[in-house]
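The values are calculated or read from the model by the stated rules, or taken from the named source; none is laboratory data. In this text the structure is predicted, and so the values were computed from the model without any measurement. Reconstructed Cβ throughout: ideal geometry from the backbone, glycine too, with neighbour counts over all protein chains shown. Please note that ligands, DNA and RNA were not included when accessible areas were found on the heavy atoms of the full protein model with its side chains. Shrake-Rupley method; radii C 1.70, N 1.55, O 1.52, S 1.80 Å.
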Amino acid sequence: MQNPWWHSAVVYQIYPRSFADADGDGMGDLRGIIEHLDHIAGLGVDVIWLSPVYPSPQDDNGYDISDYQDIEPVFGTLADFDELLAGVHARGMKLVMDLVVNHSSDEHPWFVESRSGKASPKRDWYWWRPAREGMEPGSPGAEPTNWGSAFGGSAWEYDAASGEYFLHLFSRKQPDLNWENPAVREAIYAMMNWWLDRGVDGFRMDVIDHISKDTTLPDGALRPGTPYGDGGPHYLNGPRNHEFLHEMHQRVFAGRDELLTVGEMPGVTVDEAVKYTDPAREEVDMVFQFDHVWADRGADPWVLYPLRLTNLKAIFGRWQAGLAEVGWNSLYWNNHDQPRVVSRFGDDSPRYRERSAKMLGAVLHLHRGTPYVYQGEELGMTNTPFASIADFRDIEALGHYAQAVEHEGRSPEDVLTVLRARSRDNARTPMQWNASPQAGFTSGTPWLAVNPNYPQINAESAVKDEESVYHFYRRLIELRHEEPAVVYGDFTMLLPHDERLYAFTRAHGDTTLLVIGNFSAETVRAEIDDAAAWETAELLLTNATPPQDLVLQPWQAVIYRAVRR
Ligand code: TEU
């Protein structure tokens, strides 16, 4: 079998409400994207992944969809969408849609009908259950299970009209669809085929490892200090998840060429990922897993831990080894759910911001897998100095603040410290296009404030400067397209116990690449075997003066190539 095209591809993610606002309402839109396609094409990426643009009450910024086959009016029209798709294709790129089908919006007609009463023909399209046996419906603790939802509170919402509860693993405006019902699956496959027939090139599938639940719905182990249990074991990688994705493959993907299908799978294990992405099983092309972005957190996501580089390397090493023979992984530092990586794992001070942003890019892009660039990452955009809770917009941040401050009595300052480091809003501040007011994002008032550092950090100045993070990313992407060892090389981790250096080789045929990234503000010598030989190898790329004796400057990255003759 030929290697699929997406093995050597790089994906660029757009979060539409924060990308570019063409009509001045403060919210990004499709015409804004159309105007900036050359910025993306200039990086040399192969695919654009568009976060949701469907009609939505925007409770979770579009991850709550009320119509799967139209465009949210704030973002534009289907005609705008077709023009965007044509513009993407004209530049030789592909467009992948976000597919959010673990849940819909509670304002989707399917749910409205389902909620209309126990006799509704769509009642069984969602997870409706009576109160816990022997308990008063609607009273505390009477929920059908003790599961907590991702955004705080119970995962069950009481519906007084019918005296039953519906399941929502995320917000109460995101009821979970019942994939056990074949009619639900047929409706979803029909919708997916409609988009593919329109010309889109694939899907990034939101929390697609949550779609199969243990239908007996057992309680989960109590989360310390909360009334809620962890339902994860009963809805992550559930009993029929592989079956459903194989069925989707048969009904939607089979016989279509050149698609890209990505399964976003929080909590997926390496072994499960191998199964999901084994081409012989016909499920999805690659997983988008979370282990490495959970490297600096514990069971409670709202407690900050410093990054231990050895921990990060162990996680990446395990995934590289586990998918070496069969399967494929996504490589990312950032997306719309993660704080900015240069502030998180790098150094966002003026002195080292650009250098550490490039180092992080080099280390990530030289792994095996498909790299993702999240809007603004190519500029080295940073976290934002949010002053107070009033500056946040995300349902997750606001929900956590209310829970921690109002219900648990924690100090607002402590909670804000964590939110400044962790909040998803860090990723969602407007794209910084230029040094004009509002960073050139909008002529109006942006829905979330622009990061005040836009006069220094913006696309216009980065594109002009050959030494910028933007051009370094462009070279990394070019390298992946030109050097098969980047795509197919075997991966060997070096110096696994080193807390400052991240080093590995990639070997393919006669070619071996050596990659070293200095994750510290110190000057460090890489004590690797054959150091002398590597000294004379070809230095393909670095972000500082070429080293002597493999002595790396603070935050330096090097990529060497040796070819055996
Ligand atoms: O995120 C999946 C997910 O697991 C999130 O709960 C994630 O862990 C959290 O945002 C981290 O703080 C997807 C989408 O990417 C996210 O934007 C949505 O909110 C979520 O699904 C529900 O659709």
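Simple point charges give the picture: +1 on the Cβ of Lys and Arg, -1 on the Cβ of Asp and Glu, and for the chain a dipole about the Cα centre of about 840 debye.
Qualifying trypsin sites (Lys or Arg not before Pro) in the stretch 345-452, where qualification requires a DSSP coil assignment and no more than 14 other C-beta atoms within 10 Å, comprise Arg351. Separation of the stretch 132-177 and the stretch 14-30, taken as the distance between their Cα centroids, equals 35 angstrom. Rounded to the nearest 10 square angstrom, Asp230 shows an accessible area of 60 square angstrom against a 1.4 Å probe. Evaluated over the chain, the count of Lys pairs having alpha-carbon atoms less than 24 Å apart is 9 (only pairs 8 or more residues apart or interchain).
Note that the stretch 384-393 has calculated 3J(HN,Hα) couplings of 10, x, 4, 7, 8, 4, 5, 7, 8, 10 Hz, one per residue in order, obtained from phi through the Karplus relation 6.51 cos²θ - 1.76 cosθ + 1.60 (θ = phi - 60°); glycine and proline are x. Axis of helix 182-198 versus longest Cα principal axis of the chain: the two differ by about 40°, to the nearest ten degrees. Computed from the Cβ-Cβ distance with R0 of 41 Å, the FRET efficiency linking Asp38 to Trp194 stands at 0.90. Charge dipole of the stretch 85-195 (Cα centre as origin; +1 on each Lys and Arg Cβ, -1 on each Asp and Glu Cβ, all else neutral): 400 debye, rounded to the nearest 20. Placing unit charges on each Cβ (+1 for Lys and Arg, -1 for Asp and Glu) gives the chain a dipole about its Cα centre, and among Trp5, Ala90, His365 the Cα reaching farthest toward its positive end belongs to His365.
Quick one: if the Förster radius is 30 Å, what FRET efficiency do Glu499 and Glu325 give, using the C-beta to C-beta distance and rounding to 0.05?
Efficiency for this residue pair is about 0.50.
Multiplying the residue separation of Leu78 and Glu243 by 0.36 nm and removing their Cα-Cα distance gives an extension gain of 56.1 nm. Between Val112 and Glu186, the FRET efficiency from the beta-carbon distance, with R0 = 25 Å, is close to 0.80. Bridge orientation summary for the chain: considering DSSP beta bridges with both residues in this region, about 60 percent are antiparallel. In this view, the solvent-accessible surface of Leu307, computed with a 1.4 Å probe and all protein chains in place, comes to about 50 Å². The relative contact order of the stretch 209-260 comes to 38 percent, based on Cα pairs under 8 Å that sit 6 or more residues apart.
Between Ala280 and Arg91, the modelled labels are 4.0 nm apart [label points 7 Å from Cα along Cα→Cβ]. Between Glu413 and Arg564, the modelled labels are 6.1 nm apart [label points 7 Å from Cα along Cα→Cβ]. For the stretch 193-237, what does the alpha-carbon gyration tensor say about shape, rounded, prolate or oblate, given a ≥ b ≥ c as the root eigenvalues, a/c under 1.5 as rounded, and a/b over b/c as prolate? Because a/c hits 1.5 or more and a/b exceeds b/c, the stretch 193-237 counts as prolate.
Does the stretch 450-501 come out rounded, prolate or oblate, given a ≥ b ≥ c as the square roots of the eigenvalues of its C-alpha gyration tensor, rounded meaning a/c under 1.5 and, failing that, prolate meaning a/b above b/c? Oblate shape, in that a/c is at least 1.5 and b/c is the bigger or equal ratio. Using the average count of surrounding beta-carbon atoms within 10 Å as a protection proxy, the listed peptides 83-90, 98-105, 164-171, 551-558 rank, highest first, as 98-105, 164-171, 551-558, 83-90. On full extension, the segment bounded by His508 and Ala314 gains 67.6 nm, given 0.36 nm per residue less the C-alpha separation. Remark: relative contact order (the stretch 315-444) = 29 percent; criterion is Cα-Cα distance under 8 angstrom and separation of 6 or more residues. Distant-in-sequence amide contacts of Ala155, defined by a placed amide H-H separation under 5 Å and a gap of 5 or more residues or a different chain, comprise Trp147, Gly148, Ser149.
The calculated 222 nm mean residue ellipticity attributable to helices in the chain amounts to -7500 deg cm²/dmol, summing -39500 (n - 2.57) over DSSP H runs of n ≥ 4 and dividing by all residues.
On full extension of the chain, what length is gained from Trp294 through Ala521, given 0.36 nm per residue of separation minus the C-alpha to C-alpha distance?
Details: separation 227, 0.36 × 227 = 81.72 nm, distance 2.30 nm.
Additional length available on full extension: 79.4 nm.
Ordering of 395-401, 38-44, 373-379 by packing is 373-379, 395-401, 38-44, highest average first (other Cβ atoms within 10 Å, averaged per residue).
One Cα centroid belongs to the stretch 432-508, the other to the stretch 76-90; the line between them spans 26 Å. Annotation: peptides 181-194, 529-542, ranked by per-residue average of other Cβ atoms within 10 Å with the highest first, follow the order 181-194, 529-542. Cα gyration tensor of the stretch 447-565, axes a ≥ b ≥ c as square roots of the eigenvalues: rounded (a/c below 1.5), prolate (a/b > b/c) or oblate? Prolate, because a/c is 1.5 or more and a/b exceeds b/c.
Solvent-accessible area per residue in the stretch 1-153 equals 36 Å², computed with a 1.4 angstrom probe and all protein chains kept.
Extending 7 Å from the Cα toward the beta-carbon at both Thr215 and Ser443 defines two label points whose distance is 5.7 nm. Here the Karplus relation 6.51 cos²θ - 1.76 cosθ + 1.60, evaluated at θ = phi - 60°, turns the backbone of the stretch 32-41 into coupling constants of x, 5, 4, 5, 10, 4, 5, 4, 6, 4 Hz, with x for every Gly and Pro. For the stretch 474-485, the Karplus equation 6.51 cos²θ - 1.76 cosθ + 1.60, evaluated at θ = phi - 60°, returns couplings of 4, 5, 4, 5, 4, 4, 4, 6, 9, 10, x, 5 Hz by residue, with Gly and Pro reported as x.
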